[in-house]
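Data block below; observations after.
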Amino acid sequence: PEQMRIFAAVQADGYFRYSSGYFKGLTFTFTKERKLLRLRRLLRELSINFREYVCAAYPGRIEVHIVKRDLPDWLDAAKKVFGPWLLDTTPAGLAALVDEVEYWDGSAHQDGGVCYVSSIEENVTWVVTAAALVGRKASQHQRNADGMH
């Protein structure tokens, strides 16, 4: 479940960094303290080393960097987009993912379901699938004017 929570955070706010064609690591940039606090907790629970920096170019933003050598093998660039690999977990892992996407890119719906917003249709499809598998309600909608599902 803890790994699935990290995948939700990566999908929402992480990006894998490359420089001159070489993989450098994973970075998150935050303006919201609640997201920074949440990511710190998740990374510490999994004993993943990270560093924080105040963004010089953009005051009020904090960057969290995980260098390549500190990334666990299970956390790679392929996990930026949800896919069939999500099913390689336990029911508790799927439930954790559904709960966590509410925190990063969605919200709980008043009927007990999950609302999740993404510009990547495949991510929405997989969150709807995960929700159904754990008995949560979710449905996929057409893109809105901003290109979001």
Alpha-carbon Rg with Dmax, taken over region 51-91, Å:
14.9, 42
Which value, in Å², gives the accessible area per residue of region 1-120 when a 1.4 Å probe is used on the protein heavy atoms?
54
Mean residue ellipticity (222 nm) of the chain, computed from DSSP H runs ≥ 4 via -39,500 (n - 2.57), nearest 500
-11500 deg cm²/dmol
Measuring from the longest principal axis of the C-alpha atoms of the chain, the long axis of helix 2-13 (C-alpha) lies at a number of degrees, nearest 10, equal to 80
Which whole-number percentage describes the relative contact order of region 42-113, with Cα contacts under 8 Å and a sequence gap of 6 or more?
17
For region 79-91, Karplus-derived ³J(HN,Hα) couplings (6.51, -1.76, 1.60; θ = phi - 60°; whole Hz; x for glycine and proline) come out as 7, 5, 10, 5, x, x, 4, 4, 7, 8, 9, 8, x
Which whole-number percent gives the relative contact order of the chain, counting Cα pairs below 8 Å spaced six or more residues apart?
23
Distance in nm between label sites at SER20 and ALA57, each 7 Å beyond Cα in the beta-carbon direction?
1.9
A correct Stokes-Einstein calculation for the chain, using the alpha-carbon Kirkwood radius, 10 °C and 1.306 mPa s, returns a whole-number D in µm² s⁻¹ of 99
Count of lysine pairs, region 1-145, Cα-Cα under 19 Å, sep. 8 or more residues or interchain, comes to 6
In sequence order, what are the phi-derived ³J(HN,Hα) couplings for region 25-35 according to the Karplus relation 6.51 cos²θ - 1.76 cosθ + 1.60 with θ = phi - 60°, rounded to whole Hz, with x for glycine and proline?
x, 10, 10, 10, 10, 10, 10, 9, 5, 4, 6
Of THR129, THR27, THR90, which has the most accessible area with a 1.4 Å probe, and how do the rest follow in descending order?
THR90, THR129, THR27
Taking a 1.4 Å probe, which of CYS115, CYS55 shows the most accessible area, and what order do the others take after it?
CYS115, CYS55
Region 97-133 and region 44-95 have their Cα centres apart by a whole-number Å value of 18
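The values are calculated or read from the model by the stated rules, or taken from the named source; none is laboratory data. Values in this document were obtained by computation on a predicted structure and should not be read as measured data. Backbone-built Cβ (ideal geometry, glycine too); neighbour counts: all protein chains shown. In case anyone asks, the SASA skips ligands and DNA or RNA and just uses the protein heavy atoms, side chains included. Shrake-Rupley method; radii C 1.70, N 1.55, O 1.52, S 1.80 Å.
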